[in-house]
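K.L.:
Sending over a structure as structure tokens; questions will come in a sec.
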């Protein structure tokens, strides 16, 4: 558990942290639902025969369901699906990374047409950002990269936590327990505050990463050549 609190060294570390966090959020919100709805609570307490130390003492339907939620969120990368739906990462890449990089090169200064950049977001990120600020072998200060990934990890943990809260609240409301549903919904909405804090943190790291990438004439020339291919 402690290792998931450390700064990530790989993208897999981030995914593992998100999965563990989603499991814990599911435990919290489903326990809340079970405590206020006797039928659900009885279902959650049905024991499951698991022949494994420690787990065998706590294995029940609630734990199994929470594990399934965490597993599915990991397999289908729930945070990516949410990001795609609300264009979180797309807008961030464009507004906080690609456009500042292009402006820093003095390109596109006489035009507001960013369509070439927007349409080629993925190849541009691969060619002018990740080679310098990727987790594997960053060219810029490694702490700028790992710090940003650490903040992204917590941001996505909270995003998935909010989704679990909203789904649990919806379940409670559909079961006729409006009060519990609204209470869980309010808690889910309150998670937006730390979520915005971590988003602000990653924006700050992005500013520093862009400055660090352009703070080298060789890198600047390489990026300029790549960007001109798309303008």
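K.L.:
Within segment 1-20, which residues are touching a residue at least 60 places away in the same chain (Cβ under 8 Å) and over 22 Å from residue 137 (Cβ atoms)?
P.N.:
Of everything in segment 1-20, just one residue is touching a residue at least 60 places away in the same chain (Cβ under 8 Å) and over 22 Å from residue 137 (Cβ atoms), namely 18.
K.L.:
Let me ask something else. Output the qualifying pairs, or none if there are none: Cβ atoms under 6 angstrom, residues six or more apart or on different chains, first residue in segment 137-163 and on the phi > 0 side of the Ramachandran plot, second residue assigned to a helix (DSSP H, G or I).
P.N.:
none
K.L.:
May I pose another question? Is it the case that residue 38 is farther than 26 Å from residue 15 by Cβ and either modelled with pLDDT under 85 or buried (at least 17 other Cβ atoms within 10 Å of the Cβ) (or both)?
P.N.:
Values: farther than 26 Å from residue 15 by Cβ: yes; either modelled with pLDDT under 85 or buried (at least 17 other Cβ atoms within 10 Å of the Cβ) (or both): yes.
The answer is yes for residue 38.
Results for (1) assigned to a helix (DSSP H, G or I); (2) surrounded by fewer than 16 Cβ atoms within 10 Å (Cβ to Cβ), shown as yes or no for each residue.
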site	(1), (2)
80	yes, yes
83	yes, no
91	yes, yes
101	yes, no
107	no, no
123	yes, yes
127	yes, no
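K.L.:
If we scan segment 170-179, do we find a residue that is in a loop (DSSP other than H, G, I, E, B) and surrounded by fewer than 16 Cβ atoms within 10 Å (Cβ to Cβ)? Walk me through it before giving the result.
P.N.:
Just the residues of segment 170-179 that are in a loop (DSSP other than H, G, I, E, B), to begin with: 175-177.
Still in the running and surrounded by fewer than 16 Cβ atoms within 10 Å (Cβ to Cβ): 175-176.
Yes - at least one qualifying residue is present in segment 170-179.
The values are calculated or read from the model by the stated rules, or taken from the named source; none is laboratory data. As the structure is a computational prediction, the values presented were derived from the model and not from experiment. Methodologically, a virtual Cβ is constructed for each residue, glycine included, from the backbone with ideal geometry; neighbour enumeration extends over all protein chains shown.
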